[in-house]
Amino acid sequence: MARGSYQQFCPVAMAAEVLCRRWTLLLLRELLLGSSRFNALRRGLPRMSSALLARRLRELEAAGILVRRPIPDAIDACEYRLTAAGRELRPIVETMGVWGQRWVAAEATLQHLDADLLMWDIRRRVDVSSMPDRRNTIQFIFPERPAKERCYWLIAERGRDADLCTFDPGYEVDLYVSTDLRTLTEIWLGHASAAHARGTGRLALTGSRRLASTFDAWFALSPFARVEKPIVGRLLSH
């Protein structure tokens, strides 16, 4: 019997032994969102150590939830793909996200600000089709953050996945987005609107008028942003 086993034949207990280890559900979230290489998974899980990530990947592979495949023409490189068993977990992970958005108090959520994670999520949700048909370089600036978390460059172009840089890529910046990390996280999660943040001076858009005027179109929110919280009832907090 594996260490930490519930020692129950119940299918819920057996599933929990595989899925409820620390970081496992978040790793599944990243795989379901399309990340397949180790470094991409690390960017979506910036607070998870490389050693623990490698261990969890091995555990999911042993459980038949993912397969590891070598990448052609790449030395010692591989990608991770979900199996049918892994893909079947999508509604479970999505339902947990809906529950968390609906029932966990917004203030509790906003105690865990993370610039790297926020910008990585923004990168994969940005709607490039709502931008001018050219390369668009947008610099996000968090003036209150430490130097390494102060500036991010989002590079978006139709027909290509958006890219995110933590160093100046050398392109002319089309739009500067200056705000504090909490405000942008509130907007991303649907707790506040960009229009209200601009009106109160907490969000400043400088540069391309077109990109500024279409911010609400290309800045796609979290997939859980439109989940309604209950009007009555006590919300959960930590």
Which residues does the label zone of Glu79 cover in the stretch 25-48, counting backbone N under 14 Å from a point 7 Å along Cα→Cβ? 31-41
Please say if the stretch 59-120 is rounded, prolate or oblate, where rounded means a/c under 1.5 for a ≥ b ≥ c the square roots of the C-alpha gyration tensor eigenvalues, and otherwise the choice is prolate for a/b larger than b/c and oblate otherwise? oblate
Would you work out which of Tyr176, Val12, Cys151 lies farthest towards the positive end of the dipole of the chain, given +1 charges on the beta-carbon of Lys and Arg and -1 on that of Asp and Glu, about the Cα centre? Val12
Name the most mobile residue of Gln101, Gln111, Gln139, meaning the one with the largest mean-square fluctuation, in a Gaussian network model of the chain with Cα contacts below 10 Å. Gln111
May I ask you to order 73-84, 125-136 by the average number of other C-beta atoms within 10 Å around their residues, highest value first? 125-136, 73-84
Cα gyration tensor shape of the chain, rounded if a/c is under 1.5, else prolate or oblate by comparing a/b with b/c: oblate
I'd like the carbon and sulfur percentage of the solvent accessible area for the stretch 42-144, probe radius 1.4 Å, heavy atoms only, ligands and nucleic acids excluded. 51 percent
Extending each Cα 7 Å along its Cβ direction at Glu228 and Trp23, get the distance between those two points in nm, one decimal. 3.9 nm
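The values are calculated or read from the model by the stated rules, or taken from the named source; none is laboratory data. This one's a predicted model, so the numbers in the text were calculated from it and none came from an experiment. Here the Cβ is made from the backbone with ideal geometry for all residues, glycine too, and neighbour counts use every protein chain on show. Note: areas computed on protein heavy atoms with side chains; ligands, DNA, RNA excluded. Shrake-Rupley method; radii C 1.70, N 1.55, O 1.52, S 1.80 Å.
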